[in-house]
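Quick note: the coordinates plus some simple rules give every number you see, no bench work behind them. Quantities reported herein were computed from a predicted structural model and do not represent experimental measurements. In this analysis, Cβ positions are derived from the backbone assuming ideal geometry, glycine residues included, and neighbour counts consider all displayed protein chains.
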Amino acid sequence: MAITDRPEGTDLDLTTVDVAAVVEGVRAVYDSGRTKPMAWRLEQLDGLVRMLKMEGARFEEALALDLGKPAIEGFAADVGSTASEIAGMRKNAPKYAKPRKARLPMASQPGKGYIIPEPLGVALIVAPWNYPVQLLLLPMAAALAAGNAVIAKPSEVAGATSNLLAELIPRYCDPEAIAVIEGDVAVATDLLEQRFDHIFYTGSTDVGRIVYQAAARHLTPVTLELGGKSPVLVDDSANIEVTGRRLAWGKWLNAGQTCVAPDYVLVTEKNRDALVDSMKTAFDEFSGGKGTKDNKDFGSIVTDRHAGRLEGLLADHGGTVAFGGDVDVDAKYVEPTVIVDPAKDSKIMQEEIFGPLLPVITVESMTEAVEIVNGREKPLALYVFAEDAEKAEELIGSTTSGGACVNHVVLHITPPDLPFGGVGESGTGRYHGRSGFDTFSNLKSVMKKPTKMDPKMLYPPYTARKEKMIRKFI
Ligand code: NAD
């Protein structure tokens with residue numbers, strides 16, 4: 001079983017995994033009831049937080065090996081932020097797990113109603129390579145907080161991080177209830193043959209379809225955290241200097257390999273050139289005037305295959321390169337590049353870019369911008385830059401996206417109380433904070449009735465008097 005698309009120097013032993021046996025073992029632990037007590041759940045969350053704190057430097061090293069991630073990005077966007085959010089989950093899990101009272105209408109009286117969150121069973125979590133710590137561990141933490149057992153498959157493309165997760169998770173958490181299975185597509189395919197109680201998949205829309213179909217065989221519920229082209233609408237009222245800097249940051253972070261990275265910009269002619277200039281200035285500032293090649297603060301493209309894909313997008317777009325354009329496939333380097341007015345049917349305007357290239361499209365007005373956005377698949381994120389608050393509301397309200405952010409990019413996915421997920425082709429389901437806990441729970445509705453009174457109204461024979469009463473009360 002050959003793996004061709006991952007960094008050198010990483011080691012995946014795929015020959016020894018008996019996927020069915022691992023799943024069976026984890027299910028037996030779940031069935032024993034071990035994962036249900038809150039004390040067990042909190043121990044696992046503590047274990048994950050401890051692992052990220054004690055082994056943080058090793059994780060940052062692995063991320064640097066896999067993605068050339070600067071340590072600060074590895075910490076802020078992966079290791080440290082994941083530890084903080086899991087600590088938050090640990091604090092709130094007992095509250096989330098409590099029965100939730102529900103109001104009963106008159107017709108249901110006398111009685112009590114409540115909702116009991118109970119675990120689903122064994123959850124499968126399949127993660128991508130771009131934030132390989134966060135995107136495996138946050139859904140895992142939500143699943144564990146809700147009392148599930150977990151099978152986790154990190155991405156083989158971020159091989160060093162995958163190796164480390166597989167080594168450390170069993171040392172810090174219950175190794176019988178949580179299994180990390182490393183591997184490539186063949187292993188993922190074997191896994192999808194098994195029966196799970198929830199599948200949580202993060203990755204491309206195309207693979208999301210495969211996962212959805214596999215889940216349908218067992219009627220397994222899914223969360224699909226997918227990708228797509230996240231647009232940026234720059235209103236005429238926008239603060240162009242700040243807009244340019246924030247967009248440049250969105251493309252600098254992880255070299256643009258972020259599911260919610262700004263993918264294309266819609267701006268009127270009034271501000272277009274100033275916006276392009278402000279992005280250029282920002283990239284120059286970020287690189288300290290030294291450019292991005294061999295710059296330790298700028299990440300690399302994950303593999304030469306992906307660098308080649310981005311080179312392909314640059315080769316034929318029908319627009320004008322405003323700045324950038326340098327690519328070194330062997331060095332997995334792509335320079336931040338802004339392309340003004342590429343052709344609508346060019347690949348760069350059809351595919352998710354997932355790299356530091358940014359098309360800027362000139363529109364007549366924000367009405368046209370909204371038409372363009374609404375003529376495409378629903379995106380994972382949508383960004384509006386506007387000083388006019390009403391206009392910003394109007395633009396958010398006249399488009400649909402998984403999430404949205406006004407006057408910044410990417411950051412809206414970080415607060416645990418803002419459920420994160422896509423819509424349509426960008427995904428289905430939500431997580432982070434309580435929404436993650438609920439994703440991995442069966443929210444069981446329970447009604448309790450007293451026996452002291454037993455009104456005969458419901459029971460046959462259906463007399464005219466009873467019918468009159470029922471028609472009145474229901
Ligand atoms: P990918 O779909 O290639 O791989 C993700 C995972 O799926 C890996 O673990 C991989 O082994 C597995 N996989 C690949 N092919 C498979 C198959 N045929 N059957 C079963 N499993 C398979 O995605 P990627 O390249 O790792 O990630 C990039 C994509 O993920 C982008 O589209 C990006 O937008 C999206 N993404 C979305 C989010 C989000 O939260 N919505 C976050 C990060 C990335």
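Rank by packing, highest mean first: peptides 361-369, 334-342, 285-293, with packing defined as the count of other Cβ atoms within 10 Å averaged across residues.
Averaged packing, sorted descending, gives the order 334-342, 361-369, 285-293.
Compute the semi-axes of the equivalent ellipsoid of the chain, taking the square root of 5 times each eigenvalue of the Cα gyration tensor, and list them largest first in whole Å.
Each semi-axis is the square root of five times an eigenvalue, giving 43, 31, 19 Å.
For 432, 317, what ranking results if the residue with the fewest other Cβ atoms within 10 Å of its Cβ goes first? Spell out each step's value before the answer.
On the way: 432 23, 317 19.
Going from sparsest to densest Cβ surroundings: 317, 432.
If you rank 309, 465 by fewest surrounding Cβ atoms within 10 Å, what's the result?
Numbers: 309 18, 465 9.
Ascending number of Cβ neighbours within 10 Å: 465, 309.
Please tell me the relative contact order of the chain in percent, rounded to the nearest whole number, where contacts are Cα pairs under 8 Å and at least six residues apart.
Here the relative contact order equals 18 percent.
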Compute the long axis of helix 240-252 from its Cα atoms, compare it with the longest principal axis of the Cα atoms of the chain, and write down the angle in degrees, 0 to 90, nearest 10. 80 degrees
Taking N as the number of residues in segment 260-368, what value does Rg over Cα atoms divided by 2.2 N^0.38 Å take? 1.06
Could you give the length gained by full extension between residue 408 and residue 367, i.e. 0.36 nm per residue of separation minus their alpha carbon distance, to one decimal place? 12.7 nm
Using only Cα atoms, tell me the angle between helix 38-54 and the longest principal axis of the chain; keep it within 0 to 90° and round to the nearest 10. 10 degrees
To the nearest 10 degrees, how steep is helix 19-31 against the longest Cα principal axis of the chain, on a 0 to 90 scale? 40 degrees
Coarse-grained scattering of segment 42-154 at q = 0.09, 0.18 Å⁻¹, given as base-10 log I(q)/I(0) from a Debye sum over alpha-carbon atoms: -0.33, -0.89
Residue 239 versus residue 350, label points 7 Å from Cα toward the beta carbon: distance in nm? 3.9 nm
List the residues of segment 278-298 whose backbone N lies under 16 Å from a point placed 7 Å from the Cα of residue 76 along the Cα-to-Cβ direction. 282-288, 296-298
Please rank 459, 212, 131, fewest neighbouring Cβ atoms within 10 Å first, as an exposure proxy. 459, 212, 131
When averaged across all projection directions, what area in nm² does the alpha-carbon convex hull of segment 322-436 cover? 9.1 nm²
Listed residue pairs exceeding 26 Å between alpha carbons, taken from 36/69; 290/332; 95/452; 69/229; 98/472; 95/448: 36/69; 95/452; 98/472
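Add -39500 (n - 2.57) for each DSSP H run of 4 or more in the chain, then divide by its residues: what number comes out at 222 nm, to the nearest 500 deg cm²/dmol? Display every interim value, and only then the final one.
On the way: 17 runs with 194 residues, N = 474.
Taken over the chain, the calculation gives -12500 deg cm²/dmol.
Go ahead and run the numbers for FRET between residue 470 and residue 217, Cβ-Cβ distance against an R0 of 35 Å, rounding to 0.05.
Values: r = 43 Å, r/R0 = 1.22.
Working from the Cβ atoms, E equals 0.25.
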Which of the listed residues, 243, 289, 323, is farthest toward the dipole's positive end in segment 231-416, when Lys, Arg count +1 and Asp, Glu count -1 at the beta-carbon? 289
Sorted from largest to smallest, which semi-axis lengths in Å does the alpha carbon gyration tensor of segment 231-416 give for its equivalent ellipsoid, taking the root of 5 times each eigenvalue? 25, 17, 16
